[in-house]
Amino acid sequence: MAPLPPTDSSPLFARASHTLRRLLRLRRVDLAIGRRLGRMLSDRQYLALGHLFYFGHWPDYDRPRSLNEHIQAYMLRCRSPLLHIAADKLATREHVARVLGESYLVPLLGAWDDADAVPLKTLPRPCVIKTTVGSGQVWFLRPGVYTDLCQLRLELRRWLGTDFSRLSREWCYRGLPNRVIAEQMLTGEDGQLPADYKFYVIGGAVRFIQVDRGRFGRHTRNLYDADWQLLPARLTLESHAPDPRPPRLDDMLALSLKLAEPFEFLRVDCYVQGERIYVGELTNYPGAGFERFIPHSFALELGRHWRIPLDSAGPGGAATGPDVARPTGLQARAHER
């Protein structure tokens, strides 16, 4: 059977179908309503109320204890331009190339300012389309798989119009120009997407590694320490069978620390294809601080490792107490910019 060509439906049908799909995808209607009602609130009020409703207790952003409180206090407090590097996927690529080299980058097929300028019909497949400023906005184009390009273009327009600095109060996205990019799709020997290894660098060390499976099906997640011991904890999702220790784990640990060195906190996402490591993304505020650690004691344990630089005091987090550390090296110079 010949591969199905990329297809455009009629614009009117595509728009109606796109609207219906968006409504059907609203699994959390209460969250959508809450976000709309919360537009009148300050960032601190919005995050604090969300924290109360989601976790069942009022957060203390002046003296944060759990990792969730620290992430949200960081969102309110830190205004370092470094955050824009991790928030913009093209700037992230430049940072990775400068620190590690271009061989760690997933091949880039193109970047466009306008959704209508993306050559959807002629992009080499398989590829991944995403926006440079945002989260969770990903579309896979596979050979031989039908794609309604009118639907996809409407989705790209919507993505480009989404302001995550207002939607989730994530300051790092504020004022950044949004673009569409296409990257080569990485696949394993089985033709499936490779495992996604996420390294959480807290207080100058990798404190745990998150491994996601079935991200676009039955999504599960395991947590490991830096020695690849499965941790007795979960992060929002159910666990899956233990993962084999990845090749070049020590190299991924080292490069995560190197990329995160100037940052107060950072999550580094890596893929391994054969013996080759690729850096996917850098993340300032995983889940905007709304990922649930089970048990909660693990979130408190992780929070004890966070170090707030002395010159980073501001709204939402006072630089006092045992979590404070004096910035040194690249971190100190970055905060001086």
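See the values below:
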{"item": "Coil-residue trypsin sites (Lys or Arg not before Pro) of segment 188-227, DSSP, other Cβ within 10 Å capped at 16", "result": "ARG215, ARG218"}
{"item": "Virtual spin-label span in nm between VAL99 and ARG248, 7 Å along Cα→Cβ", "result": "1.6"}
{"item": "Listed peptides 268-278, 163-173 by packing density, highest first (mean Cβ within 10 Å)", "result": "163-173, 268-278"}
{"item": "Approximate spin-label separation ALA241-ASP116, in nm, with each point projected 7 Å along Cα-to-Cβ", "result": "5.1"}
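All of the numbers you see were taken from the coordinates with simple rules; none came from a lab. Nothing here was measured: the structure is a model prediction, and the numbers come from that model. Note that we place each Cβ from the backbone using ideal geometry, even for glycine, and neighbour counts take in every protein chain shown.
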